[in-house]
Amino acid sequence: MGERSTGTSDLQPSAARWLAARSRGPCVPGSVFLHAPSSAFQAPGGGENQLIQTGRHLEATDVPIRLFQPWVDRLDRARALHLFGMSREGLELARAAKARRTPVVLSPICWFDPRALWALEPTAWRKLAALGAWTARRASRRLPGWRRELLLTADAVLPNSEEEAAQLVGLFGVDRARVAVVPNGVLPEFGWGSPALFRERVGDFEFVLFVGRIEPRKDPLSVIRAARRLGLPMVVVGQAPPRHEHYERECRREGGDRVVWLERLDHHDPLLVSTYAAARVFALCSWFETPGLAALEAALAGAAVVITPRGSTRSYFGDRAIYARPGRDDEIGAAVSRAWREGPRPGLAAHVASNYLWDRVAKLTAEVYDRVAD
């Protein structure tokens, strides 16, 4: 079993300033405390972006937000505690909050897939151990464990999709009445971008785009191989997280001079927005995505999307994307080739703009706070 982690780069300066500002000064009465595991922002990704954007857009609706500081903040002064991601640290904090009658909201940010476990664990022993734990949990959702305790302690659980909600109910026995599906979001500026800056700084050519961590779970290697065999140029935005540097080196060797690497772009960097706008096809064929923030950004920017069927992608993209399984170079190649020929599916960008902008995410989240606080 495992929590998901996605992302492309270090925090942008404006995000870092926002985090610092929400950690200082006195606590405003009625604030919602946001919390992520202590190590989260050492390698920021999709979960961290979810926390930042949720907080920013909640503030836009006049919900006071504070990043929980354990040295100075009192949980009994919070309107609610919102945990992002599942961790033992979060469980301890949830216990303390409940003892002080402070409601706990949990965004689990997780996905459990036995195929991914088998593919990604590095040794046969770890593969068998991980599959054994998943099988035991599936056989008995009452099996004790810290994840189950955390999920049952929370007053509200906010998965990003109905598929994730079904997993939490089926594997851990979470009460469906305490589950409120709140989707992941995307910033509207990804729909306003122009390819001009990319063409000026990088080059004027059409390409297949990958944005994400350079790691086995994201499987950029298969996309790179597929694009190379098709003779299509490719742009990769991202870098390897710690302990995956060897995988990035392999990706660079496979891509050769057919791949342009833009490894350090802040999330709001105008060049990143322009890169999405310039892309002809976006491909993200991971072992699972829920649903892949980069895929939402690319869809809003107008690219044709090729994405993994594993995870909750179908509930977000429906028939507006082309699906290809990870590790299957020929299947990925066929999907990329089709997307290159056909272009984006009708209504894809409008569908994302209508359903997955961050202001809607914030509204749904605020409604949960109202319910648990009342």
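The values are calculated or read from the model by the stated rules, or taken from the named source; none is laboratory data. Because the structure is predicted, anything quoted here is derived from the model rather than measured. Glycine gets a Cβ as well: all are built from the backbone with ideal geometry, and neighbour counts include every protein chain shown. To get the accessible areas, we keep the full protein, side chains included, count just its heavy atoms, and leave off ligands, DNA and RNA. Shrake-Rupley method; radii C 1.70, N 1.55, O 1.52, S 1.80 Å.
Given charges of +1 on the Cβ of Lys and Arg and -1 on the Cβ of Asp and Glu, with all other atoms neutral, how large is the dipole of the chain about its Cα centre, in debye to the nearest 20?
Approximately 920 debye in magnitude.
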(message) Can you give the longest run of the chain that contains no chymotrypsin sites (Phe, Trp or Tyr not before Pro) sitting in a DSSP loop with at most 14 other Cβ atoms inside 10 Å?
(response) 206-374
(message) What are the extents of the Cα atoms of the range 281-322 along their three principal axes, in Å, largest first?
(response) 23, 17, 15
(request) Positive end of the charge dipole of the range 232-374 (Lys, Arg +1 and Asp, Glu -1 on Cβ, about the Cα centre): tell me which of ALA294, ALA353, TRP340 has its Cα farthest that way. (result) TRP340
(message) Let's see if you can work this out: charge +1 on each Lys and Arg Cβ, -1 on each Asp and Glu Cβ, no other charges. What is the dipole magnitude of the range 16-172 about its Cα centre, in debye to the nearest 20?
(response) 420
(request) Would you mind calculating the gained length between ARG360 and ALA96 on full extension (0.36 nm times residue separation, minus the Cα-Cα distance), in nm to one decimal? (result) 92.0 nm
(message) Quick query: amide H of VAL179 versus all other amide H atoms, modeled in the peptide plane; which residues come in under 5 Å with a sequence gap of 5 or more or a different chain?
(response) VAL157
(request) Give the long-range amide H neighbours of ILE65: residues separated by 5 or more places, or on another chain, with amide H under 5 Å away, using H modelled in the peptide plane at 1.01 Å from N. (result) VAL32
(message) At most 13 other C-beta atoms within 10 Å and a DSSP loop state: those are the exposed trypsin sites (Lys or Arg not before Pro) I care about. Give me the longest piece of the chain that has none.
(response) 265-374
(message) How much of the DSSP bridge set in the chain is antiparallel, in percent, rounded to the nearest 5?
(response) 5
(request) Hey, for a label at HIS246 modelled as a point 7 Å past Cα toward Cβ, could you say which residues of the range 97-122 have their backbone N under 13 Å away? (result) 122
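Counting only DSSP beta bridges with both residues in the range 219-374, what percent are antiparallel, rounded to the nearest 5?
Rounded to the nearest five, the antiparallel share is 0 percent.
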(request) For GLU149 paired with ALA196, estimate the spin-label separation in nm (one decimal), with each label point 7 Å from Cα along the Cα-to-Cβ line. (result) 5.8
(request) On a 0 to 90° scale, report how tilted helix 162-172 is relative to the longest principal axis of the chain, with both axes built from alpha carbons and the result rounded to the nearest 10. (result) 50
(message) Quick check: the angle from helix 46-59's long axis to the longest principal axis of the chain, C-alpha only, nearest 10 degrees?
(response) 60
(request) Rounding to the nearest 20 debye, state how big the charge dipole of the range 81-231 is about its Cα centre with +1 on each Lys and Arg Cβ and -1 on each Asp and Glu Cβ. (result) 680
(message) Need the full-extension length gain, ALA166 to ARG141, defined as separation in residues times 0.36 nm minus the C-alpha distance. One decimal, nm.
(response) 7.8 nm
(request) Mind checking the per residue accessible area of the chain for me, 1.4 Å probe, whole number of Å²? (result) 42
(request) Evaluate 2.2 N^0.38 Å with N set to the residue count of the range 202-288, then give the Cα radius of gyration divided by it. (result) 1.00
(request) Over the chain, with every protein chain in place, what whole percent of the accessible area is carbon and sulfur at 1.4 Å, could you tell me? (result) 51
(request) Choose one of PHE205, THR153, VAL182: the residue whose Cα lies farthest towards the positive end of the charge dipole of the chain (beta-carbon charges +1 Lys, Arg; -1 Asp, Glu; about the Cα centre). (result) THR153
(message) Looking at the chain as a GNM with Cα springs under 10 Å, which of LEU143, LEU293, LEU171 has the largest mean-square fluctuation?
(response) LEU143
(message) Can you give me the angle between helix 245-255 and the longest principal axis of the chain, using Cα atoms only, in degrees from 0 to 90, rounded to the nearest 10?
(response) 30
(request) Output ³J(HN,Hα) for the range 228-242: one whole-Hz value per residue in order, computed from phi by the Karplus curve 6.51 cos²θ - 1.76 cosθ + 1.60 with θ = phi - 60°, and x for Gly and Pro. (result) 5, 5, 7, x, 9, x, 9, 10, 10, 10, x, 8, 6, x, x
(message) To make sure I understand the rule: partners must be lysines, Cα under 29 Å from the Cα of LYS127, and not fewer than 8 residues away in the same chain. Which ones qualify?
(response) LYS218
(request) Calculate, in nm to one decimal, what ASP330 and ARG24 gain on full extension: separation in residues at 0.36 nm each, minus their alpha carbon distance. (result) 105.0 nm
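Using only DSSP helix segments of four residues or longer, with each worth -39500 (n - 2.57), what per-residue ellipticity at 222 nm results for the chain after dividing by its residue count and rounding to 500?
Working: 16 runs with 166 residues, N = 374.
So the calculated ellipticity at 222 nm is -13000 deg cm²/dmol.
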(message) Run the paramagnetic zone check for ARG258: 7 angstrom along Cα to Cβ, then residues of the range 219-245 with backbone nitrogen under 20 Å.
(response) 219-238
